[in-house]
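Engineer: What follows is a single structure, and I will ask about it in a moment.
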Amino acid sequence: INAFRQGRELGTYLIVGVNSDESIAQCKGSAPILNHDERVAMVRSCKFVDQVIEQVPYIMDEHYVSYILNDLRIDFVVHGDDECLVNGQDVYKTAKQAQKFCTVPRTPGISTTDILGRMLLIVHYQLEKKKDKDTLNISHSMLNFIPPRFFLTSRLQCAFAQEKRLAPKSNETVVYIAGAFDLFHPGHIELLKQAKRYGDYLLVGLFSDDSLVRLGRKPISNAHERLLNLLGCSLVDDVLLDAPIDGLDEHAIDLFCIDFILSPPQQHEEAIKLPQDAYAIAKRRGLHQCLSFQSTLSILDIAKRIYIQYDTLVLRYNEKRLKEGAYYAAATEREKKKEDN
């Protein structure tokens, strides 16, 4: 999502192409963990994205580059500053030859490879424990192995929050919903869409890492990562950090002018078992509503998809880890040379 933010800062209109499942499987050696529709839903929900193009080829050939330059009238193609090769071929060679290519720096401390590694460890632990690859019984209590290495600066937080409104207007209906929102995925997008239907201004409460640990739900992504995901979502108007797990008190409800306090459907992964009735005050004031819809995806579903492709994904993870190590080593060397000069 930070790549989208950086790409948007280079211009005034950001078009994002979502690769087809088939092209990803062909070029990466395994099917994507999220299917095409799920990935499109995630991209469409990002506030930095203006338009989404579906079923994009993984390798940009001359025909596709001609299409985006002439029909979509783009000014340049953006990608991270690491190499993107398939069988030794530069995916963006044609765009570079047309001098329509530029890069944005990687986000230090976080990558899709890093997140995949956290999920692979979860599945690995379960396989070692069960010693049986025919069954898999992953629970939230197992999602507690790799501490995230991402650190949030005030500059980056401000960059993500810059388009958020400071406060709702006096005539707007304010809606509140709280949760973990861990490993932000399409199931969360659907939850936020349903919540936003209750009003004009959506305030999302984000439980802290410590609170989730106390509830037996140590998160895969730390609070900083989870915060940026919510701030980058177009459905969210503001985020309440370190939201109380026992619910908002009278003062907070009045302070934020809240009209509805929502709870997730019982089958949704955000329906976390709280130590007491977190909605008691909301119910007494007639503000509480329980959402009712069929949950589309959960972290446990994602873990089970990883299990199906476990061996292939481990190989891919190891290859990507080596490439990322080389990338950061080269970046460090460049910085040393600058200092020497």
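Engineer: Applying 1/(1 + (r/R0)^6) with R0 = 22 Å to the Cβ-Cβ distance of residue 36 and residue 317, what FRET efficiency is obtained, to the nearest 0.05?
Structural biologist: 0.50
Engineer: With a point put 7 Å past each Cα toward its Cβ, work out how far residue 53 is from residue 84 in nm, to one decimal.
Structural biologist: 1.2
Engineer: Where a ≥ b ≥ c are the square roots of the eigenvalues of the C-alpha gyration tensor, would you call the range 211-296 rounded, which needs a/c under 1.5, or, failing that, prolate if a/b is larger than b/c, or oblate?
Structural biologist: It is rounded, given that a/c, with a ≥ b ≥ c, falls under 1.5.
Engineer: Of 64, 3, 107, which is farthest towards the positive pole of the range 1-131's charge dipole, taken about the Cα centre with +1 and -1 on the beta-carbons of Lys, Arg and Asp, Glu respectively?
Structural biologist: Value: 107.
Engineer: Can you tell me the FRET efficiency between residue 273 and residue 171 if r is taken as the Cβ-Cβ distance and R0 is 41 Å, rounded to the nearest 0.05?
Structural biologist: Step by step, r from the Cβ atoms, then E = 0.65.
Engineer: Given charges of +1 on the Cβ of Lys and Arg and -1 on the Cβ of Asp and Glu, with all other atoms neutral, how large is the dipole of the chain about its Cα centre, in debye to the nearest 20?
Structural biologist: Working: 42 positive and 46 negative charges, 77 e Å.
That gives a dipole near 360 debye.
Engineer: I would also like to ask the following. Based on the Cβ-Cβ distance of residue 266 and residue 96, what FRET efficiency does E = 1/(1 + (r/R0)^6) give at R0 = 45 Å, to the nearest 0.05?
Structural biologist: Efficiency for this residue pair is about 0.30.
Engineer: Let me ask something else. What full-extension length gain, to one decimal in nm, is calculated for residue 334 and residue 12 as 0.36 nm per residue of separation minus the Cα-Cα distance?
Structural biologist: 112.8 nm
Engineer: Could you tell me the center-to-center distance, by alpha carbons, between the range 179-224 and the range 25-83 in angstrom?
Structural biologist: 27
Engineer: Next question. How high is the relative contact order of the chain? Use alpha-carbon pairs under 8 Å, at least six apart in sequence, and give a whole percent.
Structural biologist: Reported as a whole number, the value is 17 percent.
Engineer: Relative contact order for the range 257-321 using alpha-carbon pairs under 8 Å, separation at least 6, rounded to a whole percent?
Structural biologist: Result for the range 257-321 is 36 percent.
Engineer: Placing +1 on the Cβ of each Lys and Arg and -1 on the Cβ of each Asp and Glu in the chain, which of 25, 92, 170 has its Cα farthest towards the positive end of the resulting dipole?
Structural biologist: Of the options given, the answer is 25.
Engineer: Looking at the range 49-110, which GluC sites (Glu not before Pro) are in a loop (DSSP not H, G, I, E or B) and have at most 16 other Cβ atoms within 10 Å?
Structural biologist: For GluC sites (Glu not before Pro) across the range 49-110 that sit outside H, G, I, E and B with at most 16 neighbouring Cβ atoms in 10 Å, the list reads 83.
Engineer: Mind telling me which of 180, 95, 195 comes out most flexible in a GNM of the chain, alpha-carbon contacts under 10 Å?
Structural biologist: Greatest mean-square fluctuation among the candidates belongs to 95.
Engineer: Can you list the residues, at least 5 places off or on another chain, whose amide H is less than 5 Å from the amide H of residue 184, using H built in the peptide plane?
Structural biologist: none
Engineer: Please label the shape of the chain as rounded, prolate or oblate, based on the square roots a ≥ b ≥ c of the eigenvalues of the alpha-carbon gyration tensor (a/c under 1.5 means rounded; beyond that, a/b larger than b/c means prolate, else oblate).
Structural biologist: Here the chain falls in the prolate category.
Engineer: What's the carbon and sulfur percent of the range 1-121's accessible surface, probe 1.4 angstrom, rounded to a whole number?
Structural biologist: 48
Engineer: State in Å² the accessible area per residue of the chain; use a 1.4 Å probe, count heavy atoms of protein chains only, and round to the nearest integer.
Structural biologist: Value for the chain: 53 Å² per residue.
Engineer: Within the range 241-284, what whole-number % of the accessible surface is contributed by carbon and sulfur, with the 1.4 Å probe and all protein chains included in the calculation?
Structural biologist: After summing per-atom areas, the C and S share lands at 54 percent.
The values are calculated or read from the model by the stated rules, or taken from the named source; none is laboratory data. Everything quoted here is computed from the prediction, not taken from an experiment. When we count neighbours, we look across all protein chains shown, and the Cβ atoms used for this are built from the backbone with ideal geometry, even at glycine. Surface areas here come from the heavy atoms of the whole protein model, side chains and all, with no ligands, DNA or RNA. Shrake-Rupley method; radii C 1.70, N 1.55, O 1.52, S 1.80 Å.
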